[in-house]
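Please read the structure below before turning to the comments.
The values are calculated or read from the model by the stated rules, or taken from the named source; none is laboratory data. Bear in mind the structure is a predicted one, so any value in this text is a computation, not a measurement. Neighbour counts run over all protein chains shown; Cβ positions are idealised from the backbone, glycine included. Keep in mind that these areas ignore ligands, DNA and RNA; they rest on the heavy atoms of the full protein, side chains included. Shrake-Rupley method; radii C 1.70, N 1.55, O 1.52, S 1.80 Å.
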Amino acid sequence: MTALFTRLRAFWHAVVARSAALFAGLRRTWRRSLQLRVVSITLVASSLLVGGFAYLVADNITNILLENATEDVKVRLESGRDYATNQLDIHTGAYESNLQRTFERTVDYLAGGDPKQVGGAVVALTAEHHPGSIKTATSPTVDVRPMISPELRQVVANGQVAHQIRTGDLGSGRLKYLVYGSPVPTRFGQVELYYFVPLNRQDETAAQARSTVLATGVALVLLLGLVSALVTRLVVNPVRVAARTAQRLSAGLLDQRMAVTGEDDLALLAASFNQMATSLQSQILRLEEMSRLQRRFTSDVSHELRTPLTTVRMAADLIFAERDEFDPAVARSAELLQAELDRFESLLTDLLEISRFDAGFAVLDSEPTDLVPVVQRVVDRLGSVADRAGVALELRVPDAPVIAEVDPRRVERILRNLVGNAVEHGEGRPVEVTLGADETAVAVTVRDRGVGLKPGEEKLVFNRFWRADPSRARQTGGTGLGLSISVEDARLHGGWLEAWGAPGQGAQFRLTLPARAGDRLTSSPLRLVPEDAAVTGPGPVRRPGGALAIGPAPVVGEDARAEV
């Protein structure tokens, strides 16, 4: 019994799963196909309209046929009543011996001797208020009592003409009959005359009319569906072609165009689309050429500046070395010259690095690396800068080695930019550097409690040369390209560089890298939003390639800095 129940349950689950898959497929097809929706709506609307029209037509035909049959029976009934009155007036008593014979001859005459001559009608003459003396006479001879309802009999007995539609068997099978009754006054009292007219011909005619109307309606609905499908196809096909062409254009195939046929609105759409594509192609090509020239200019200028910079550096080093022999003002100038040359050389190095990223020449030299000493080395090297700014650096690293396949030079540069940024904007408060790892990824977070972020700055923090507050005094002498280069380094590793922040709560940057080169990241071992952050709302949304992706304020924001 248990095995049978298990099989039934498995069968039921399979049916439910198959039904759900079928429903999902139908829903997906319904949502994706404009032609299917238009044709379906047309079929449903036309079916309702044609169905209502067919019902009205069939009902009207049935009523007309019934009215015709009723009028015909009323004429016969009036004529038969007059004839029966004349025939029965010769009798003065209900107990005359030949009265029954008169009843029979009267109904035979009214039935025409052959009921088929009057459309199969049955005629009956009764005298219910003379019980036992006069028997009901019918032509043809059938039992009509079940066909006369007590209500109809009572109305006729009260001297009124009445009718009903009854179903029964009067010798020709079970048929629908129109039963008409009328009182017949005589010298010995009132008798009742009944006509039973079969409605099988009217029913057949009405059924044929309904079938004809239904067949015509079905054909009309199908025709409307076919017409709507053809018309929709004429409109949808160019739209589909335009969509496919747009997809090819977005994929970089800028020479794709739509075929223009005719002079109608769809041809105008195709021509306008082609003009737009041509304009976009020319604009994109022009922008690509300008970008190429700009990258080449940056690269050439950066390289060309190397020679004069070297000469100026040699002269500045000589002057800086002999500054003690100069006047105090000249010595101070030598020191400023040396500092600015250091910053200029750093900027030139960053420009060369950016130009390599833009040209696609950057190469990743991955090797198994323990990140613990890398993080410690970055913190140690920036310790003097942090001391001058009055910022304490707090390092949190695992006791065990954290091995990952990375380029140690690029990772160290990313961390140097992040920690330097945190010191620059830490407002004298401690900066926490945390290293974490799991089976698939390693992550480093840099948390400060400085100025924090304003809503919307998260989209700007990694832009080149962007600063939230240009009037802010620098302490580390950054170039404005540090975070831009860090984003490219993270992207080169297949990792993420994300930022979080809120006004008055500081900021946190998180670098997440795959533990094995080439793996795809799905999660990070460290939180982007700090646990002590008093924020609510949606979590971060990653931007492809490792750039920040933070949701709307107040949950998010990015650190109000972009240079190191």
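Values computed for the structure shown
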{"quantity": "Which listed residue, of LEU293, LEU305, is at pLDDT below 80 and open to solvent by less than 70 Å² (accessible area, probe 1.4 Å)", "calculated": "LEU305"}
{"quantity": "Neighbours by Cβ (under 9 Å, 6+ apart or cross-chain): first from region 274-297, hydroxyl-bearing (Ser, Thr, Tyr); second surrounded by 12 or more Cβ atoms within 10 Å (Cβ to Cβ) and assigned to a helix (DSSP H, G or I)", "calculated": "SER291/ASP358"}
{"quantity": "Selection within region 160-176 - in a loop (DSSP other than H, G, I, E, B) and open to solvent by 40 Å² or more (accessible area, probe 1.4 Å)", "calculated": "GLN160, VAL161, GLY171, SER172"}
{"quantity": "Any hit, region 183-190, residues being of a type outside the set (Lys, Arg) and within 60 Å of the chain's Cα centre (by Cα)", "calculated": "no"}
{"quantity": "Subset tally (residues that are in contact (Cβ under 8 Å) with a residue 60 or more places away in the chain and either in contact with a Cys (Cβ under 6 Å, 6 or more places away or on another chain) or open to solvent by less than 60 Å² (accessible area, probe 1.4 Å) (or both)) for region 47-65", "calculated": "9"}
{"quantity": "Top-ranked residue of region 336-355 - restricted to ones that are farther than 27 Å from ARG296 by Cβ and open to solvent by less than 70 Å² (accessible area, probe 1.4 Å), ranked as nearest to the chain's Cα centre (by Cα)", "calculated": "ALA339"}
{"quantity": "Lone qualifier among VAL107, VAL44, VAL16 - being of a type in the set (Val, Ile, Thr) and open to solvent by less than 60 Å² (accessible area, probe 1.4 Å)", "calculated": "VAL107"}
{"quantity": "Any hit, region 248-260, residues being part of a helix (DSSP H, G or I) and acidic (Asp, Glu)", "calculated": "no"}
{"quantity": "Test: residue in region 370-392 that is surrounded by 17 or more Cβ atoms within 10 Å (Cβ to Cβ) and of a type in the set (Asp, Glu)", "calculated": "no"}
